[in-house]
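Engineer: This structure is in structure tokens; I'll ask about it shortly.
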Amino acid sequence: AQTVTQSQPEMSVQEAETVTLSCTYDTSESDYYLFWYKQPPSRQMILVIRQEAYKQQNATENRFSVNFQKAAKSFSLKISDSQLGDAAMYFCAYRSLTTSGTYKYIFGTGTRLKVLA
Amino acid sequence: GAGVSQSPRYKVAKRGQDVALRCDPISGHVSLFWYQQALGQGPEFLTYFQNEAQLDKSGLPSDRFFAERPEGSVSTLKIQRTQKEDSAVYLCASSLFGGRASETQYFGPGTRLLVL
């Protein structure tokens, strides 16, 4: 079974600085998707960035980028020029193809990011 | 609608009561997912619908949990004879097509269930 591990329960970053959130996963599949989701205190999950496993190029979305190391099964999120609005829980997620042919996410336990003014 | 909505936002139930949680997905979205998020944890998959068909219910923790989407739009998650361990936030998500791995899921705000 696939697993997703986020080993940093909480991280802090100064406003305008850069922070990296770690995520490792375990799978025997060769093709899959990885995601980072943001969950602000209002609890509505928002997609931050996604990575297709068969693409070697790391995904980038404005201030957010990933470092995808497929062999190491590592998928970290880098937030540049951190803003107060980045404060939230961040979840790493793996998109699994189940035997039933449908897709479900497997989430990590999350990292709470605090942004200090 | 503009986004996924869920109701009620908060529900307090006495142990043994039945509860029903509603999800209104984005109009036209084919796929609908339910997740359970315990305090301090990430969401855990419960069940998946493609239109009105429930294609995956492998995450439902017991036969007390039942979900339906009879007309392929609104979905209801029902929990019978609630137990304290059912206390969690229940999240609903929808996506446009039928299960493409690349699709973005759009999440609702969740229903926080507290069983006393």
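Coordinate-derived values only; no laboratory data. If you're wondering where the values come from, they're calculated on a predicted model, not measured in any experiment. Positions of Cβ are generated from backbone atoms using ideal geometry, with glycine treated the same way; all protein chains shown enter the neighbour counts.
Engineer: Take the Cα of B:Thr104, step 7 Å along the line toward its Cβ, and report every residue of the range A:61-86 whose backbone nitrogen sits under 17 Å from that point.
Structural biologist: Only A:61-66 pass the distance filter.
Engineer: Then there's this: For B:Ser27 and B:Ser87, calculate 0.36 nm times their separation in residues minus their Cα-Cα distance, and state this gained length in nm to one decimal. Working shown, then result.
Structural biologist: Details: separation 60, 0.36 × 60 = 21.60 nm, distance 2.89 nm.
Contour length minus the Cα-Cα distance gives 18.7 nm.
Engineer: Roughly how many nanometres apart are two label points built 7 Å out from the Cα toward the Cβ at B:Ala20 and B:Leu96?
Structural biologist: 3.2
Engineer: Which of A:Ala88, A:Ala71, A:Ala16 moves the most in a Gaussian network model of chain A with Cα springs under 10 Å?
Structural biologist: Taking springs between Cα atoms under 10 Å, the residue moving most is A:Ala71.
Engineer: Full-extension gain between A:Gln83 and A:Gln69, please, as 0.36 nm times their residue separation minus the C-alpha to C-alpha distance. Mind showing how you got there, number by number?
Structural biologist: Numbers: separation 14, 0.36 × 14 = 5.04 nm, distance 2.65 nm.
Here the segment from A:Gln83 to A:Gln69 would lengthen by 2.4 nm.
Engineer: For A:Leu116 and A:Asn62 in one chain, what is 0.36 nm times their gap in residues minus the Cα-Cα distance, to one decimal in nm?
Structural biologist: My answer for the length gained is 17.4 nm.
Engineer: If you average the alpha carbon positions of the range B:52-88 and of the range A:34-89, how far apart do those two centres end up, in angstrom?
Structural biologist: Going from one Cα centre to the other spans 30 Å.
Engineer: Just to be sure I understand: with springs between alpha-carbon atoms less than 10 Å apart, which residue in B:Thr104, B:Thr76, B:Thr47 has the highest mean-square fluctuation in the Gaussian network model of chain B?
Structural biologist: In this elastic network of chain B, the residue with the biggest mean-square fluctuation among B:Thr104, B:Thr76, B:Thr47 is B:Thr104.
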